[in-house]
Amino acid sequence: MATFGFLIALEIAARHYGLPGPIITQAQEVVIAPKSGFLLYASMALMMVVLTWRQRFIAAGVAIGIDITFWLVRWAADAKVTEGHPFGNGALWVILGYAVIAVTRRKGRERVLLLKGVGLGLLLVAGRKTGDTWLLITSKTRPAVLDQYVATADHALGNPSWLVGRIVTATGPIGARFLDYVYTQLAVAAVIAALYQLRHVAVERRFPGHHLVRTFLVIGLLGPGIYMIFPVVGPIFAYGADGGHWAVANLWPDTPPPIDTPHHMPFDEITPRNCMPSLHTAWATAIFIHSRKGPRILQFAGAFWLIATLGATLGFGYHYGADIIAGVVFTLTIEAALRSLERGWDRSGIQLVAYGATVFAALLVSYRYLPMEMAKYPWVFGPLLVLAMSSVIYGYVRTTRLWEPKAAPARQPEPQPEMV
């Protein structure tokens, strides 16, 4: 109910600014071409963790059949898909269909389990739509941005966006296209990791207490709130050609910005203020954390997606180095809170969450009020920023290792008397 109430509130807020909200945009994709067909099929895959293999094959076949029907109708009507993907409607229809089946054909625990599966799939889609709506609201409600402050503070880290931006540019269109695919399909990568975590749900008839999807959704819920407090558009807009006449100058990625006293700067009402913290980094970090307990190939994939996402966020000029550090701290704090909630709050959990939240707040305050000092003394503040992030990582790893269940020692067979 709380989630539904939040979606309604966001829908009303979006309508206030003349924008479609998350509920309407999702409802439209029952018929129109979806923005991301891959995401809808990934959401259907999440829903299917509660089904048997036979039911999964039937559901997938129905979804593909519906998509083929939609494609034929659009082809016959000469309705070309100009935005989004020409597939994905079938997956959404199947998810909604199982919601109807749960209400009308299931009872007791089976109904609850199926509704949880449907809810999990719909929440992933709703999270994406909610994020899109939030981004539109940030551009309408925050006319001034703080990019000059973050860009100045980023001198302490050696202006990594400018450095990685030149590297990505040097790789040419192949490297850029590859990183763009990794960047845009992050939710699909999360679903792959989540499917491994939820692989036993159909057999055990219950969900685990904590899994990746929970962390993913909470990051998407809380992150845009920070956007409203600390609006930043990113180097490619504030210091690059994509910013047009709103940009300070066309400097990215060839020339790092000069060290001058930063000021609030006005920006257009279109570009999202979605940099601080970097949620792509936060989500990729969550995937990395949750992949550690998987097989070696999943661990490799989690590490690869994190590294590639960092390369894309910096190399495309979407984020500053300061955003990356904040994103990592943000994720570890949320993950610690969710794990503490699942296992029961104790002193170690409270301390870890409080410390992570304090470091995150200190980062934002330093970016806003100490950027000149950070730029003038990079040999002091650069290591301090990395040390602050590393201390949260160390605290998380050390604390969560203590939370892991200890394996019971193998019982030694008692010595048996021997005949003499």
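The values are calculated or read from the model by the stated rules, or taken from the named source; none is laboratory data. Here the structure is a predicted model, which is why all the values come from computation and not from measurement. Neighbour counts are summed over all protein chains in view; Cβ atoms, including those assigned to glycine, are modelled from backbone coordinates with ideal geometry. The protein model used for the area step is the full one, side chains on, heavy atoms only, and it has no ligands, DNA or RNA in it. Shrake-Rupley method; radii C 1.70, N 1.55, O 1.52, S 1.80 Å.
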Original post:
Ignoring ligands, DNA and RNA, what accessible area per residue does the stretch 54-181 give at 1.4 Å, in Å²?
Top reply: 53 Å²
**OP:** Give, as ranges by residue number, the residues of the stretch 332-371 whose backbone N falls under 15 Å from the point 7 Å along Cα→Cβ of residue 144.
**Re:** 368-369
**OP:** Starting at the first residue of the stretch 209-225, write each ³J(HN,Hα) from the Karplus equation 6.51 cos²θ - 1.76 cosθ + 1.60 with θ = phi - 60°, in whole Hz, x for Gly and Pro.
**Re:** x, 9, 8, 4, 4, 4, 4, 4, 5, 5, 4, x, 7, 8, x, x, x
**OP:** Return the lysines within reach of residue 116: Cα separation strictly under 23 angstrom, same-chain partners fewer than 8 residues apart disregarded; answer none if there are no such residues.
**Re:** 107, 129
Subject >> Scaled radius of gyration (Cα, divided by 2.2 N^0.38 Å) that the stretch 57-190 gives >> reply: 1.54
**OP:** Write down the accessible area per residue of the stretch 313-407 in Å², having rolled a 1.4 Å probe over the full set of protein chains.
**Re:** 48 Å²
Original post:
Cα-based Rg (one decimal) and Dmax (whole number) for the stretch 173-311, in Å?
Top reply: 18.6, 61
Subject >> Inter-centroid distance (Cα atoms) of the stretch 220-248 relative to the stretch 254-318, Å >> reply: 13 Å
**OP:** Could you tell me whether the stretch 274-359 comes out rounded, prolate or oblate from its Cα gyration tensor? Rule is a ≥ b ≥ c as square roots of the eigenvalues, rounded for a/c under 1.5, then prolate if a/b exceeds b/c, otherwise oblate.
**Re:** oblate
**OP:** Can you send over the carbon and sulfur percentage of the accessible area for the chain, probe radius 1.4 Å, protein chains only?
**Re:** 68 percent
Subject >> Paired Rg and Dmax values of the stretch 229-338, which use every Cα atom, in angstrom >> reply: 16.1, 50
Original post:
Extent of the chain along each principal axis, from alpha carbon coordinates, in Å, largest to smallest?
Top reply: 86, 80, 42
**OP:** Taking only the C-alpha atoms, wrap a convex hull around the stretch 321-369 and report its volume per residue in Å³ as a whole number.
**Re:** 50 Å³
**OP:** Report the semi-axes of the equivalent ellipsoid for the stretch 137-214 in whole Å, largest first, where each axis is √(5λ) for an eigenvalue λ of the Cα gyration tensor.
**Re:** 37, 21, 13
Subject >> Solvent-accessible surface (1.4 angstrom probe) belonging to residue 71, in square angstrom, nearest 10 >> reply: 130 Å²
Original post:
Per the Kirkwood treatment, what hydrodynamic radius in Å, one decimal, follows for the stretch 157-199 from the mean inverse distance over all distinct Cα pairs?
Top reply: 12.3 Å
